[in-house]
1. Within region 40-59, which residues are without any contact (Cβ under 8 Å) to a residue 24 or more places away in the chain and either open to solvent by 50 Å² or more (accessible area, probe 1.4 Å) or in a helix (DSSP H, G or I) (or both)?
2. Taking the criterion of being surrounded by 16 or more Cβ atoms within 10 Å (Cβ to Cβ), more than 23 Å from Thr291 (Cβ to Cβ) and modelled with pLDDT under 75, would at least one residue in region 180-187 satisfy it?
3. Mind checking which pairs have a first residue in region 139-160 that is open to solvent by less than 60 Å² (accessible area, probe 1.4 Å) and a second that is of a type in the set (Asp, Glu), Cβ under 6 Å, 6 or more apart or different chains?
4. Restricting region 50-96 to residues that are among the hydroxyl-bearing types (Ser, Thr, Tyr) and touching a Phe, Trp or Tyr at 6+ places or on another chain (Cβ under 7 Å), which is farthest from Leu121 (Cα to Cα)?
5. Restricting attention to region 269-288, does a residue exist that is over 60 Å from the mean Cα position of the chain (by Cα), modelled with pLDDT under 70 and closer than 27 Å to Gly303 by Cβ?
6. Can we say Val37 is exposed (fewer than 15 other Cβ atoms within 10 Å of the Cβ), over 24 Å from Val157 (Cβ atoms) and at pLDDT 95 or above?
7. Please state which one of Arg99, Arg113 is assigned to a helix (DSSP H, G or I), under 27 Å from Asp26 (Cα atoms) and of a type in the set (D, E, K, R).
8. Can you pull out every residue in region 72-86 that is touching a residue at least 60 places away in the same chain (Cβ under 8 Å) and open to solvent by 20 Å² or more (accessible area, probe 1.4 Å)?
Amino acid sequence: MRVKRGVIAASALVLSLSLAPRALADPTAEDRAAADVLFREGRALIKQGSYALGCSKLVASQKLDPTAGTLLALADCHELNGETASAWATFNDAEAMARKAGDPRRSKEAARRAGLLEPRLSRLVIEVAPEARIEGLEVRRNMKLLDAALFGSAIPVNPGEHTIEAAAPGKRAWSAKVLIEPEAGQSTVRVPRLEDAPPPGAATAPAPERPSRARAAAATSAAPAASSWSAQKTVGLVLGGVSLAGIAVGAVFGVDTLLKVGEARSQHGCTDDDPPRCDAEGIKIHQAANTTANISNVAFAAGGAALIAGFVVFLTAPSSEAAPKAALEVRLQPAVGVGTAGMSLRGSF
C-alpha cells in the first residue's frame, strides 16, 4: 500500500513538472484581453488599407495570445501588403497550429491558401564558391546572418531590394544589392572570394610637408598682386584730383588778381607802368594783385604737372607688381611771403 502510494505521488510530481512550463506560458486574462483589442484594431487597419500597421498589430496580438485564427489573419495581411514569402510561411504556421489544436477547418483553409501562394513566390539564391568559404566568413541578407547551409538554396523572399554583405577577419568587406520583382522567379547573387585588407596603418595619409621659406616666398610672388596693381592706379587717380585742385586754386586767385587790378585802375588811377604810378592805397592794392597773380600762376603750373603725372602713372600701371614699400603722400601747399607767392606740390610713394 505504501509502495502504491509512493508510485502515485511520484507520478503526480512528474505530471506537475511536465505541465508547469505550459502553465507558466499560458496567457493571462489580461493578455487575452489585450490580444483581442490588438486583433480588432489590426483588422480595422487592414480594411482601411494600412497593411503595414495592421500587420504589426496582429503580430503583437499573436505574441500575447497565440492562435491559429490570428495567424490566418496575419498571413492574409502579409499577402495584401505584397510580402509573399512572409504570407506563405505564416499560412504554413497557421496550418500546423490548427492541426495540432484539432481545428480541421482552419487547418484546411491555411493549407489551401499556402498552396495557392507557393507558385507565385520569388526566390533568391546566394552562391558562395568553395574557394570563397574562408574561415570566419559571415554572409548577411538585410543585416541578418545566414546559416552556411542556406548557401546555394532557393530561398523564398519578399519582393523589393535586398542587400547581401560578406565579411571575414583580415579581408575587405563586400556588398551587393539585388532587386526582387513581385512575380514568380529566381535571382542569383554570387559572393566572390574576399580580397585581403591592407595592413593596419597602411592607408594612413602621410603628414603634410611643411613648406620651406623659399617655397612660401615663391608662392607669395606667384599670387596675383591685385592690391598693388590697384594702388598704382589709385596714385594716378589721386594725382588727377590734385591737378583739378591746382587748376581750381589758380582760377580763384586769377579772378582775384583781375578784380584787384581793376580796382587799382578805376578807383586809384594806377597806370600799367612797372612799377605803376598811383596813390599809396593803389600801390598796396597793386602789390596784393601781384601776389595773387603769382599764386594763380604757380597753382596752374602745379595742376598741369599733376595732371600729366597722373596720366603717366595711371596708364603705365602693370597688371602685377610688388606691393609698394611706402605709403603715398601728395601735398599741395601755397607759399605766400612778403612780396612773393607760390605753391609747393610734394609727393612720395
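1. Arg40, Glu41, Ala44, Leu45, Lys47, Gln48, Leu53, Gly54, Ser56, Lys57, Leu58, Val59
2. For region 180-187, residues surrounded by 16 or more Cβ atoms within 10 Å (Cβ to Cβ), more than 23 Å from Thr291 (Cβ to Cβ) and modelled with pLDDT under 75: absent.
3. Gly152/Glu127; Asn158/Glu83
4. Per the criteria, the residue is Ser61.
5. For region 269-288, residues over 60 Å from the mean Cα position of the chain (by Cα), modelled with pLDDT under 70 and closer than 27 Å to Gly303 by Cβ: present.
6. Judged against the criteria, Val37 is a match.
7. When all the criteria are applied, what remains is Arg99.
8. Selection gives Gly82, Glu83, Ser86.
The values are calculated or read from the model by the stated rules, or taken from the named source; none is laboratory data. This is a predicted model, so every value here is computed, not measured. Because the Cβ atoms are built from the backbone with ideal geometry, glycine has one as well, and the counts that use them run over all protein chains shown. Ligands, DNA and RNA are excluded from the accessible area calculation, which covers all protein heavy atoms including side chains. Shrake-Rupley method; radii C 1.70, N 1.55, O 1.52, S 1.80 Å.
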